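Here's the structure we're looking at; comments come further down.
The values are calculated or read from the model by the stated rules, or taken from the named source; none is laboratory data. Note that the structure is predicted; figures quoted are calculated from it, not measured. Here the Cβ positions follow ideal geometry from the backbone for every residue, glycine too, while neighbour counts run over all protein chains shown. In case anyone asks, the SASA skips ligands and DNA or RNA and just uses the protein heavy atoms, side chains included. Shrake-Rupley method; radii C 1.70, N 1.55, O 1.52, S 1.80 Å.
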Amino acid sequence: MGSSSTYSVVLNLSFLVFIFFLGSSFASFSSSSSSSSSLHPLVFNSKVQHLNYTAISEFRVVNRRFLAECPHPSPYLQISINSTTSGLGDEEFLSVNVSGVLNPSKDDWVAMISPSHSDVSSCPLNEILYAQTGDLSKLPLLCHYPVKAAYMSNDPDYLSCKKKECKQYRNGQCLVSTCGGALSFHVINIRTDIEFVLFSGGFEAPCILKRSSPVRFATPNKPLYGHLSSIDSTGTSIRLTWVSGDQKPQQVQYGDGKKQTSQVTTFSQDDMQSSALPSPAKDFGWHDPGFIHTAVMTGLKPLSSFSYRYGSDSVGWSNEIQFRTPPAGGSDELKFLAFGDMGKAPRDGSTEHYIQPGSLSVIQAMADEINSGHVDSIFHIGDISYATGFLVEWDFFLHQISPVASRVSYMTAIGNHERDYIDTGSVYITPDSGGESGVPYETYFPMPTPAKDKPWYSIEQASVHITVISTEHDWSQNSEQYQWMRRDMASVDRSKTPWLIFMGHRPMYTSAEGLLNVDPKFVFEVEPLLLQSKVDLVLFGHVHNYERTCTVYKSQCKGLPVKDKNGIDTYDHSNYSAPVHAVIGMAGFTLDKFPTGVNNPWSLSRISQFGYLRGYATKKEMKLEFVNADTRKVEDRFRITKTSTSN
Ligand SMILES: [Fe+2]
């Protein structure tokens with residue numbers, strides 16, 4: 001490329017920057033958030049754009065700021081980590097110690113960054129990307145972003161200077177004393193080395209005080225975060241997917257001396273989508289995912305327990321893990337759990353992008369159910385990790401679900417926060433996936449789908465046929481997906497699997513307020529097929545609470561449940577009238593409240609609490625319970641019965 005074309009690129013860039021500049025000014029004025037005067041004079045607060053674009057938190061736009069060295073830092077400052085010389089373990093609560101502080105401030109905070117070489121020289125191309133955003137500051141220090149952060153005031157002794165040290169004496173008197181504090185960070189093996197940086201100025205106007213030395217993980221190639229999923233309805237094969245820093249194929253060893261070699265895949269920054277504004281996935285949210293290994297264990301027996309371990313002699317092996325296969329399609333009993341919108345939350349009180357506060361108690365409650373042997377399989381129906389372009393958060397999510405997903409089949413549906421992005425073919429043109437556009441989701445959670453980016457499938461477990469769709473891909477009546485779901489549900493042999501459950505992410509019925517909760521076009525196109533296919537139960541997420549309907553069609557109750565002898569609402573589907581719908585998006589994301597005075601005749605139960613749906617199906621009945629994850633109490637229960645299996 002000659003100098004004239006270089007010139008034109010520069011001109012175009014300047015134009016882009018100018019346009020953006022205007023946009024930034026307008027957005028700053030039209031926003032209630034204040035524009036910080038501490039920003040570089042050429043940098044308008046880009047927070048508004050990035051909040052609009054990616055729904056990211058204030059913490060996550062820190063790296064869009066001019067990050068200066070703080071004026072007059074204490075010459076005694078130290079930041080250090082308690083770690084062994086061999087490196088970090090796969091999971092640690094790491095103590096980060098700060099000392100030598102002359103004036104402790106409530107604005108002092110510590111960020112964990114990874115990889116540790118996140119500096120200007122390491123990402124020269126970002127300069128162009130950043131210029132597009134109107135950010136003309138010198139490149140931010142944290143060009144790879146902070147994984148998490150915490151204020152020093154989280155240590156109750158920091159501001160009051162209980163940890164005093166004398167740095168200078170004269171005649172036995174202390175002339176200069178300093179303060180210090182310590183923070184605990186929950187760190188898991190994310191393969192790339194990490195560093196802790198002490199800032200002052202809060203998140204609004206950060207300046208750098210001191211950086212720690214980088215610290216490595218002892219075994220960055222360690223096989224980790226194994227999770228199971230069904231590949232078919234036989235209950236005799238199950239897929240294991242795991243993460244490692246090593247590209248060479250590894251093995252899963254299981255049962256009595258069986259083994260399978262892994263297929264290895266990954267995705268790169270080039271696979272992430274972006275638009276006029278860089279997406280987090282493509283830009284400052286990127287983190288190398290290492291390699292994703294997957295292998296199918298075959299020759300198993302349904303509803304049986306086996307053990308497995310995965311890895312290789314060169315990178316090491318996982319612990320021996322006990323798991324249970326799901327029941328084969330056509331058998332009688334299924335015990336399952338279902339929920340949507342779980343995400344993840346930090347275990348150390350730190351701040352990170354997009355925290356789902358209920359997720360930890362829900363995972364704990366489900367893990368306890370699995371330990372007591374009461375679960376055959378799990379369904380997570382969209383809005384999985386909420387990484388939304390901050391790729392390291394997939395590792396944290398996979399770590400979080402390990403106690404359940406490594407033990408039973410963990411099946412998923414795609415949600416807006418995995419798939420949606422501008423100009424990428426999603427039905428909804430929103431930036432909700434932060435540029436991921438389904439690529440990390442499909443890599444981490446391979447389901448028995450027809451092809452890449454066609455994330456719909458069905459599976460049979462015991463007496464239940466489960467049809468899982470993507471509400472984020474075309475579902476209109478001429479679409480490939482619609483034609484597939486029509487054929488799939490028409491082909492169900494109801495004498496083998498009397499129950500038909502339909503699952504997806506966005507609901508057709510909710511009493512929660514919110515203009516975009518229900519898409520009337522989706523309801524118009526797909527609801528008639530549910531009735532025609534005699535779907536028994538419809539499960540959706542997206543709205544963050546629990547709600548159950550009558551048997552409903554076109555917003556009219558076609559039938560009401562009757563109380564059985566135990567006072568439990570019972571729907572008799574021997575005389576089928578319409579599906580029962582339940583919204584179950586209450587597994588982690590901040591709850592949606594119901595407005596007072598809901599007057600929807602189709603709405604029979606509304607609960608805004610964290611929890612999950614517990615299902616038990618035989619050929620004669622399905623029992624469904626909404627379990628509060630904190631109290632473990634059943635807050636709603638209903639049954640669907642069938643005396644004949646011809647429907
Ligand atoms: Fe959603």
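Here are some notes:
- Of all residues in the range 597-607, at least one satisfies being within 22 Å of Asp368 (Cβ to Cβ) and away from the ligand (no atom under 16 Å from the Cβ).
- Taken across the range 554-570, residues that are at pLDDT 95 or above, of a type in the set (Val, Ile, Thr) and open to solvent by 40 Å² or more (accessible area, probe 1.4 Å) do occur, with at least one present.
- Any chance Lys496 is assigned to a loop (DSSP other than H, G, I, E, B), open to solvent by 50 Å² or more (accessible area, probe 1.4 Å) and of a type in the set (Lys, Arg): yes
- When the residues of the range 546-571 are filtered to those that are in contact (Cβ under 8 Å) with a residue 60 or more places away in the chain and out of contact with any Asp or Glu (no Cβ under 8 Å at 6 or more places or on another chain), the one that is farthest from the ligand (Cβ to nearest atom) is Asp564.
- Among the residues of this structure, Gln273 does not count as one that is in the same structural domain as Gly245 (by TED's automatic domain parsing), assigned to a loop (DSSP other than H, G, I, E, B) and within 16 Å of the ligand (Cβ to nearest atom).
- Residue within the range 364-385 that is under 30 Å from Ala218 (Cβ atoms), out of contact with any helix residue (DSSP H, G or I) (no Cβ under 6 Å at 6 or more places or on another chain) and more than 16 Å from the ligand (Cβ to nearest atom) present: yes
- The set of residues from the range 401-435 being away from the ligand (no atom under 16 Å from the Cβ) and surrounded by fewer than 24 Cβ atoms within 10 Å (Cβ to Cβ) comprises Ile401, Ser402, Pro403, Ser406, Arg407, Tyr410, Ile422, Asp423, Thr424, Gly425.
- Meets criteria (within 16 Å of the ligand (Cβ to nearest atom), open to solvent by less than 50 Å² (accessible area, probe 1.4 Å), in a loop (DSSP other than H, G, I, E, B) and within 15 Å of Ala338 (Cα to Cα)) for Val543: yes
- Single residue of the range 252-264 satisfying the filter (of a type outside the set (Val, Ile, Thr) and open to solvent by 50 Å² or more (accessible area, probe 1.4 Å)) that is nearest to Asp313 (Cα to Cα): Gln253
- Boolean, Leu334 is outside the structural domain of Val187 (by TED's automatic domain parsing), surrounded by fewer than 21 Cβ atoms within 10 Å (Cβ to Cβ), in contact (Cβ under 8 Å) with a residue 40 or more places away in the chain and within 26 Å of Tyr616 (Cβ to Cβ): no
- When the range 495-510 is filtered for residues that are more than 15 Å from the ligand (Cβ to nearest atom), closer than 25 Å to Leu591 by Cα and of a type in the set (Ser, Thr, Tyr), only Tyr509 remains.
- Test: residue in the range 462-484 that is more than 16 Å from the ligand (Cβ to nearest atom), aromatic (Phe, Trp, Tyr) and assigned to a strand (DSSP E or B): no
- Residue check, Glu513 open to solvent by 20 Å² or more (accessible area, probe 1.4 Å), within 16 Å of the ligand (Cβ to nearest atom) and not in a helix (DSSP H, G or I): yes
- Annotation: Lys335 fulfils all but one of (1) within 16 Å of the ligand (Cβ to nearest atom); (2) part of a strand (DSSP E or B); the unmet one is (1).
- Some residue of the range 571-594 being closer than 20 Å to His374 by Cβ and surrounded by fewer than 20 Cβ atoms within 10 Å (Cβ to Cβ): no
- Residue that is farthest from the ligand (Cβ to nearest atom) [pool: residues in the range 353-363 that are open to solvent by less than 10 Å² (accessible area, probe 1.4 Å) and not polar (S, T, N, Q)]: Ile363
- Residue check, Ser268 among the polar types (S, T, N, Q), more than 23 Å from Lys301 (Cβ to Cβ) and modelled with pLDDT under 95: yes
- Look at (1) within 15 Å of the ligand (Cβ to nearest atom); (2) in a helix (DSSP H, G or I); (3) surrounded by fewer than 17 Cβ atoms within 10 Å (Cβ to Cβ) and you find that Arg487 fails only one, number (1).
- Conditions (1) touching a Leu at 6+ places or on another chain (Cβ under 6 Å); (2) open to solvent by less than 10 Å² (accessible area, probe 1.4 Å); number of the one not met by Ala387: (1)
- Residue, farthest from the ligand (Cβ to nearest atom), within the range 338-349, restricted to residues that are part of a loop (DSSP other than H, G, I, E, B) and among the small types (Gly, Ala, Ser): Gly349
- Among (1) in a loop (DSSP other than H, G, I, E, B); (2) open to solvent by 10 Å² or more (accessible area, probe 1.4 Å); (3) among the hydrophobic types (A, V, I, L, M, F, W, C), the one test that Phe524 misses: (1)
- The residue that is modelled with the lowest pLDDT, counting only those in the range 206-218 that are closer than 24 Å to Asp246 by Cα and in a loop (DSSP other than H, G, I, E, B), is Pro214.
- Tabulated pairs, the range 254-269, first among the small types (Gly, Ala, Ser), second open to solvent by 60 Å² or more (accessible area, probe 1.4 Å), C-beta under 9 angstrom, 6+ apart or interchain: Ser262/Pro249; Ser268/Asp288
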